[in-house]
1. Would you work out if segment 1-112 is rounded, prolate or oblate? Take a ≥ b ≥ c from the square roots of the eigenvalues of the alpha-carbon gyration tensor; rounded if a/c is under 1.5, else prolate when a/b is larger than b/c, oblate otherwise.
2. Summing +1 for each Lys or Arg and -1 for each Asp or Glu, what net charge is found among the other residues whose Cβ lies under 12 Å from the Cβ of LEU143?
3. So, taking all protein chains as they sit and a 1.4 Å probe, how much accessible area belongs to THR141, in Å² rounded to tens?
4. Pull out the extension gain between PHE10 and GLU38, defined as 0.36 nm times the separation in residues minus the alpha carbon to alpha carbon distance; nm, one decimal.
5. Between ALA159 and LEU47, with labels modelled 7 Å along Cα→Cβ, what's the label distance in nm to one decimal, could you check?
6. Write down the accessible area per residue of segment 1-104 in Å², having rolled a 1.4 Å probe over the full set of protein chains.
7. State the extension gain, in nm to one decimal, for the chain segment bounded by GLU106 and ARG29, taking 0.36 nm per residue of separation less the distance between their alpha-carbons.
8. Within the set of other residues whose C-beta is less than 12 Å from the C-beta of GLN59, count the net charge using Lys and Arg as +1 and Asp and Glu as -1.
Amino acid sequence: MAIIDPASEFIDSQLDSLTDFIFRLTGDRSRAGVMAKEVCQLVKDDLSSQWGNEEIRLQLFRLCFEMNEDALRGLDKHFLENYYRHQFPKATDVTRFYPWEYFLTELSPTELIPFLLVERYQFPIPLIPELLGVTREEIDTKLLSVEEKLKGQKKLNRADLPILPNYGFLVAAELHHSSLSVIMKSLDAQKPESRK
């Protein structure tokens, strides 16, 4: 009979979230896939019997941030535009998720990361300073800045943030054309001549 290690299983269960987090930090899917697995192994190697799931999860995300702090580029607007144009045949999915993604690309990394950690990955605010190595005051300031920007975004539903897609590779064989262009016009995202 195999020995079941609940802590190891919990770490493995976080792989998709870690990959998503790194991809949202760096915009690099290959890097995200490789480094998320590396982070899981590092935490398994240093696992303390005193850590509960919350502490393990904190260590996982902290390592992800530390290992990618020099590569904070975020998701590229053209990637998102291409993904939503071809991978979401349902207009309801596009109208639900794309405006959030566009809003997130407009945030600075110092605003985006704490906001995602709280709203998408459900970390309590008091844990964020330790995770990012900054003060609580800095976190509060950045979160307040995002809240101010959200005031003008009446169509964004906060409940959609935790369920935004985890982006896989594009499937070229099944291209769908969605109503993304209509949404982009309503966002007044970019000048038409600058968009390819």
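1. Numbers: a/c = 2.57, a/b = 1.84, b/c = 1.40.
Note, shape of segment 1-112 comes out prolate.
2. On the way: positive: ARG136, LYS142, LYS149; negative: GLU111, GLU119, GLU137, GLU138, ASP140, GLU147, GLU148.
Once all neighbours under 12 Å are counted, the net charge is -4.
3. In the full protein context, THR141 sits at about 90 Å².
4. Details: separation 28, 0.36 × 28 = 10.08 nm, distance 1.52 nm.
Full extension of this stretch gives 8.6 nm more.
5. Distance between the two pseudo-spin positions: 3.6 nm.
6. Working: 5270 Å² over 104 residues.
Counting only protein heavy atoms, the per-residue value for segment 1-104 is 51 Å².
7. Working: separation 77, 0.36 × 77 = 27.72 nm, distance 2.00 nm.
Extra length from GLU106 to ARG29 when fully extended: 25.7 nm.
8. Numbers: positive: LYS44, ARG57, ARG62; negative: ASP45, ASP46, GLU54, GLU55, GLU66, GLU130.
Charge balance near GLN59 sits at -3.
The values are calculated or read from the model by the stated rules, or taken from the named source; none is laboratory data. Just so we're clear, the structure is a prediction, and the values are computed from it rather than from any experiment. Every residue, glycine among them, receives a Cβ derived from its backbone with ideal geometry; neighbour counts consider all protein chains shown. Heads up: the accessible areas ignore ligands, DNA and RNA and are worked out on the full protein's heavy atoms, side chains in. Shrake-Rupley method; radii C 1.70, N 1.55, O 1.52, S 1.80 Å.
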